[in-house]
Amino acid sequence: MGNLERALEDCLARLASGEARLEDCLALYPEHAGELRRLLMAVAQLERGRSVRAPAGFKARTRAQLRVHMAAHPRGRSVVGLPVVTLRLVIGLVGLVALFLVAGTALAQEALPGSAGYGWKITSERVWRVFQPDPLAADVILANRRADELTLVADDPHAQAIALQGYRQALETLNQYTLPAAQPVIHAVLVKQKDSLDQAGLNVPELNELLTPAASGLAPPTSTAAPPTSTPALPTSTPVLPSSTIVSPDSTLTPPFESTVVPLPGATLVDPRPTISLVLLTPDAVASAVASLEPVVPTFALPLPTLPTLLP
């Protein structure tokens, strides 16, 4: 403490006790007389202001003016009654917590049994299942995840025990579906899971029990197809002997089936019939008519009967 501070305290004490007056104190410390005078006069004014009392009318007018000012300039408040600053702080904290939850949930989806985030993964899956419109589809997805985890930790006995317990719980959940329409879906999923577990060298007795026909509610496949029977039909043929009929010169020669032929001179085509009629002509006319015939497609051999000698 400096000399001025000591002098000021000594003067204040003397003035409060009435031992000296202002001039007396200044005479005791002439080296600080100028500064002590200003300080002691300020203290005397403060002492006089302490005894001032505001009148009742002044207090009433001041209070009314304060209320009018508060009504014209209200402080910002939220709907729930909290200050705006506090509400913003609460919203920020909630958003931060939600961000951590979302990020943690996303990272936990890759966690395997026995790891730190696996418990949070199971919890998030339970919450997710509650909001699914199709419980069977959600349970099938979760069962597939448990089966995949079991194959991934097949080399770790501790993690395998945890994964096996979770897979058994998933199988129990699927076993609760007793509707006939759900059985084929569940059976197909369990068959795929068994193939995956067999490749990993894992055997789950509960899975084998569910795949039995009695447990799955599916009848074993049966074949009702009748063995093919064949009764070979013996070919039947009725040989038709060629016949010759001596008709009048106006008759026509028709082939045994539809084909394109060149008609004989002086003959007309008629509907095909199964008989062959020969025109009674001279041998020279027959030879010239046969020589004028052109081959047709399909080519066929037409046996001609032996012409009898009709000349006198």
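The values are calculated or read from the model by the stated rules, or taken from the named source; none is laboratory data. Everything numeric in this text was worked out from a predicted model, so none of it was measured. We place every Cβ from the backbone using ideal geometry, glycine too, and count neighbours over all the protein chains shown.
On the given criteria, is Thr173 closer than 29 Å to Thr212 by Cβ and not hydrophobic (A, V, I, L, M, F, W, C)?
Criteria met by Thr173.
Which residues, taken from region 162-196, are within 21 Å of Ala111 (Cβ to Cβ) and either aromatic (Phe, Trp, Tyr) or in contact (Cβ under 8 Å) with a residue 40 or more places away in the chain (or both)?
Ile162, Ala163, Leu164, Gly166, Tyr167, Gln193, Ser196
Among the numbered criteria (1) part of a loop (DSSP other than H, G, I, E, B); (2) within 24 Å of the chain's Cα centre (by Cα); (3) of a type outside the set (Lys, Arg), which single criterion is violated by Asp155?
Of everything listed in (1) part of a loop (DSSP other than H, G, I, E, B); (2) within 24 Å of the chain's Cα centre (by Cα); (3) of a type outside the set (Lys, Arg), Asp155 misses just condition (2).
Could you tell me whether Arg145 is in a helix (DSSP H, G or I) and among the basic types (Lys, Arg)?
Details: in a helix (DSSP H, G or I): yes; among the basic types (Lys, Arg): yes.
Here the answer is yes, as Arg145 does meet what is asked.
Considering every residue within region 116-139, establish whether at least one is of a type in the set (S, T, N, Q), over 21 Å from Val189 (Cβ atoms) and modelled with pLDDT under 90.
No, region 116-139 contains no residue that is of a type in the set (S, T, N, Q), over 21 Å from Val189 (Cβ atoms) and modelled with pLDDT under 90.
Can you list residue pairs whose Cβ atoms sit under 6 Å apart, with the first residue in region 6-33 being assigned to a helix (DSSP H, G or I) and the second being aromatic (Phe, Trp, Tyr) and surrounded by 11 or more Cβ atoms within 10 Å (Cβ to Cβ)? Count only pairs 6 or more apart in sequence or on different chains.
These pairs meet every condition: Ala7/Tyr29.
Any residue at all in region 171-194 that's part of a helix (DSSP H, G or I), of a type in the set (S, T, N, Q), farther than 24 Å from Asp134 by Cα and modelled with pLDDT of 90 or more?
No, that holds for no residue.
Can you find, within region 61-105, the residue that is farthest from the chain's Cα centre (by Cα) among those that are at pLDDT 85 or above and either assigned to a loop (DSSP other than H, G, I, E, B) or of a type in the set (Gly, Ala, Ser) (or both)?
Residue satisfying both the conditions and the ranking: Ala64.
If you scan region 171-190, which residues turn out to be within 17 Å of Arg146 (Cα to Cα) and surrounded by fewer than 14 Cβ atoms within 10 Å (Cβ to Cβ)?
Glu172, Ala188
For region 47-60, what are the residues that are at pLDDT below 80 and surrounded by 10 or more Cβ atoms within 10 Å (Cβ to Cβ)? Working first, answer last.
Applying the first criterion (at pLDDT below 80) to region 47-60 yields 47-54.
Selection gives Glu47 alone.
Out of everything in region 105-147 that is acidic (Asp, Glu) and buried (at least 16 other Cβ atoms within 10 Å of the Cβ), what residue ends up being farthest from Ala200 (Cα to Cα)?
Only one residue fits best here, namely Glu125.
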